[in-house]
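In what follows, a single structure is set out as structure tokens and then discussed.
The values are calculated or read from the model by the stated rules, or taken from the named source; none is laboratory data. Keep in mind that what you see is a predicted model, and the values were worked out from it rather than measured. Quick reminder, even Gly has a Cβ in these numbers, built from the backbone with ideal geometry, and neighbours come from all protein chains shown. Accessible surface is based on the protein model in full, side chains and every heavy atom, while ligands, DNA and RNA are left aside. Shrake-Rupley method; radii C 1.70, N 1.55, O 1.52, S 1.80 Å.
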Amino acid sequence: MKYIVCLKQVPDTMDVKVDPVTKRIVREGVPSILNPYDYYALEEGLRLKERFGGTTVAITMGPPQAEAVLKEAISLGADEAYLLSDRAFAGSDTLATSYTLAQAIRKIGEFSIILCGREAMDGSTGQVGPELAEHLEIPVITYVSKIINVTENDMECVRLLEDHYETLKSPLPAVITVIKEINEPRLPSLKGMLRAKKTQIPVWTKQDIGGNDLQYGQDGSPTKVVEIWRPEIKKEGKIIKGEPDELAEAIYQELKKLGAA
Amino acid sequence: MEIIVNKDKCTGCRVCVDVCPVGAITLDNDGKAQIDERCSFCRLCVKECPENAIEIVGEEKKKSETDLNQYKGIWFFAEQKHGKLSHVSFELCGISLKLAETLKEEVCGVIFGSKCDEMAQELFNRGANKVYVVEDESLDEFRQDIYVCLMTELIKKYKPNIVLASATMIGRSFIPQTAARLKTGLTADCTDLAIDPDTKLLQQIRPTYGGNLMAKIVCENHRPQMATIRPKAVEEAKPTGNNSGIIVKDNFASFNATCRVDLISKEAVEQTIDLQEAEIIVSGGRGLGDGKNFEMIRKLAELIGGAVGASRAAVDSGWIPYPHQVGQTGKTVKPKIYIACGISGAIQHLAGMSTSDYIIAINKDPDAPIFKVANLGIVGDIFEVIPKLIQKLESKR
Ligand SMILES: Cc1cc2nc3c(=O)[nH]c(=O)nc-3n(C[C@H](O)[C@H](O)[C@H](O)COP(=O)(O)OP(=O)(O)OC[C@H]3O[C@@H](n4cnc5c(N)ncnc54)[C@H](O)[C@@H]3O)c2cc1C
Ligand SMILES: Cc1cc2nc3c(=O)[nH]c(=O)nc-3n(C[C@H](O)[C@H](O)[C@H](O)COP(=O)(O)OP(=O)(O)OC[C@H]3O[C@@H](n4cnc5c(N)ncnc54)[C@H](O)[C@@H]3O)c2cc1C
């Protein structure tokens, strides 16, 4: 049984530096990291292998630099990894991204479960998992919090939906997207890191994965970003300083006006 | 498609380096901008470059083969729980009516469930012109495969121009698969929508990069134009008193819908707090310093009939469980009163509460960004101010 984990490299928005002199945000060298949610997908992919046997395969679509997240996956215990990288993939929206992943997965061959993160920290659409399932014509279960059992033909798992959990049984192969609750990701081992260092990661281009030219990259992307800007946040408010009692009184009066006190 | 820097125009001013959200721009040996393959084509550098030295080339306009004009009408998926429409349905109705003002097309709700007539009436009351209904006992339960099948087939049959759904867990689960089956675009988690007066295209506005940037997205050559809308981001449609409209019923059996996945059992999440329904929220952040200090927040909330919220820093510290988190990766809320105590106002927190009707912030740092969104900003120590406030509320009751 093969478990395929989809990983995305994202910019580390937490790690924004401010130039001490100019006070401007320094973006140069914003580090790229593995999407935080994808650690949970990867961990679950590794646990599936440990519990039910099989192999864990990591894939990512991205620029050559994205190889780093695959190396990380190998250091954590993934058996194989493939980098999907081609200028032709540039400008992909979620429909084209999921198509590209689907084509690569078809090439990998037989598989049992595909694991995705709940959403990527940068694009954060959460659409790639469900769209990937559609391209492969297999079921998808979103927001999975627990995998109860896996056999050759099916899987039992628990998923969160707004205000309740559902226990579901799905035929395999299937796609799942996972939430944080599912596990506690492991740390890389020294042995794993050495293995990652030595591993050559195959790079697949559009040629390698075949399919329909018009479904890749910008051509295969119905949505288009036409404008982008920084949000302006500004409200006409009053700011007051003073003794704690005055301040508490100001809030009290306001609450009274608003009918809450 | 490629992004290029005109090295003759580039002055090496670094504006692009600073604005690039993915850090893909650096200066080369000649001090000119160079863009690596991490570029996500967000176009911020193109817009910000003072010399207009950056452009995107090779973006050919391909015309759509299908006749886009045959697609008419603004649809929204009306979510329901136990036979009652949820508030997000009215929000979708509200934004659809706003779009209809410019687009001049019908506003139509879509309901799946067992007893839909009453819910349809409610949508007419809120201003919808038409409601598409598929009725069956089994549809009260969300089932991915079935919902995708019904939605796709209805869209193929009636050809709406625009299809909206809420970015709830249900919407974010089945709408992407529906869009993929229809091979059309889907914009996620929008906070606003508009119609371009010239092209009549749907302009879809959404936060990205952790809320640090806003993007406007269009879907030019595919129909329908689809989007999910963040709960509480847009105004609900108000009741009009009008109760007439057209109900279009399609027979459930005619869809031959089957679900590959079996539902074995259901279990309610323990002690859910409905932050999104609360009219008053008192939230605590890292400034509380310790989990036990949430007692003070709870007390204040209780006295004014509010619910308790929190920043991610407070949740990550283990002071309060995740369902209380407000923000980008927590709940989006829009209460009448939001009181932020010891919360700095990071952009991801603001993303979840900045549209609240009235915001009170208590923070000892006068430069805290939370004050930018506050109607009433209190520069002070929460441990001094809140106990005093509690006293006042208790004594003057
Ligand atoms: C400003 C901006 C706004 C955008 N808005 C939209 C939009 O509204 N709709 C739209 O269709 N596209 C949009 N895109 C494009 C979208 O970001 C890309 O298609 C991206 O490759 C995937 O989407 P995501 O980051 O939202 O991933 P998500 O769908 O949030 O990712 C979920 C999971 O899918 C897997 N995954 C995602 N990407 C990859 C990958 N490259 N390789 C391997 N696994 C992956 C991971 O497991 C991940 O955890 C936008 C792009 C930009 C720059
Ligand atoms: C992708 C992503 C998603 C995120 N999602 C969310 C989210 O959903 N929700 C969220 O909240 N955050 C989110 N964050 C985290 C966010 O960036 C901030 O780190 C977080 O909101 C900070 O919480 P805070 O304001 O409580 O803590 P801090 O930023 O540490 O602020 C504490 C504040 O308390 C004040 N203070 C301290 N002591 C006192 C006192 N005695 N009296 C008065 N004031 C005092 C300080 O002046 C300070 O302003 C996200 C981050 C990322 C990158």
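Give the long-range amide H neighbours of A:Leu161: residues separated by 5 or more places, or on another chain, with amide H under 5 Å away, using H modelled in the peptide plane at 1.01 Å from N.
A:Glu166
Treating the beta-carbon of each Lys and Arg as +1 and of each Asp and Glu as -1, no other charges, what is the dipole magnitude of chain A about its Cα centre, to the nearest 20 debye?
700 debye
Chain pair A, B: how much accessible area is buried, both chains summed, with a 1.4 Å probe, in Å² to 100? Before the final figure, lay out each step's value.
Numbers: alone 16010 and 20840 Å², together 27950 Å².
The contact between B and A buries close to 8900 Å².
DSSP loop (so not H, G, I, E, B), at most 14 other Cβ within 10 Å: list which GluC sites (Glu not before Pro) in segment A:158-219 pass both filters. Please report the intermediate quantities before stating the final value.
Values: sites: A:Glu162, A:Glu166, A:Glu181; in loops: A:Glu162.
Hits after loop and neighbour filter: A:Glu162.
What are the ³J(HN,Hα) values, in whole Hz, obtained from phi via the Karplus relation 6.51 cos²θ - 1.76 cosθ + 1.60 with θ = phi - 60°, for each residue of segment A:184-201 in sequence order, with x given for Gly and Pro?
10, x, 7, 9, x, 9, 4, 4, x, 5, 5, 4, 4, 4, 7, 6, 8, 9
Dipole of segment B:280-396, Cα-centred, from +1 at each Lys and Arg C-beta and -1 at each Asp and Glu C-beta, to the nearest 20 debye? Don't skip to the answer; put the middle values down first.
Working: 13 positive and 10 negative charges, 51 e Å.
The dipole of segment B:280-396 has a size of about 240 debye.
Report, to the nearest 10°, how far helix A:36-52 tilts away from the longest principal axis of the Cα atoms in chain A, using its own Cα long axis and a range of 0 to 90°.
So the helix axis and the longest Cα principal axis differ by about 40 degrees.
With the dipole of the protein assembly as shown worked out from charges on the C-beta (+1 for Lys and Arg, -1 for Asp and Glu) around the Cα centre, which of B:Asn256, A:Ala120, B:Val131 lies farthest toward the positive end?
Value computed over the given set: A:Ala120.
Roughly how many percent of the accessible protein surface of chain B is carbon and sulfur, given a 1.4 Å probe and a whole-percent answer? Could the numbers behind the result be given before it?
Numbers: 7650 of 16490 Å².
Carbon and sulfur atoms account for 46 percent of the accessible area of chain B.
Quote the charge dipole size of chain B about the Cα centre in Debye, to the nearest 20; the model charges only the Cβ of Lys and Arg (+1) and of Asp and Glu (-1).
On the way: 49 positive and 53 negative charges, 87 e Å.
About 420 debye.
Per residue, how many Å² of accessible area does the protein assembly as shown show with a 1.4 Å probe? Numbers along the way, then the final one.
Numbers: 27950 Å² over 658 residues.
That works out to 42 Å² per residue.
What are the ³J(HN,Hα) values, in whole Hz, obtained from phi via the Karplus relation 6.51 cos²θ - 1.76 cosθ + 1.60 with θ = phi - 60°, for each residue of segment B:253-264 in sequence order, with x given for Gly and Pro?
With coefficients 6.51, -1.76 and 1.60, one gets 4, 5, 7, 6, 7, 10, 10, 6, 9, 8, 8, 8 Hz.
Spelling out what I want: for every residue of segment B:106-114, take phi, set θ = phi - 60°, compute 6.51 cos²θ - 1.76 cosθ + 1.60 (Karplus), and round to whole Hz; glycine and proline get x.
Per residue, the Karplus-derived 3J(HN,Hα) values read 4, 9, 10, x, 10, 10, 10, x, 8 Hz.
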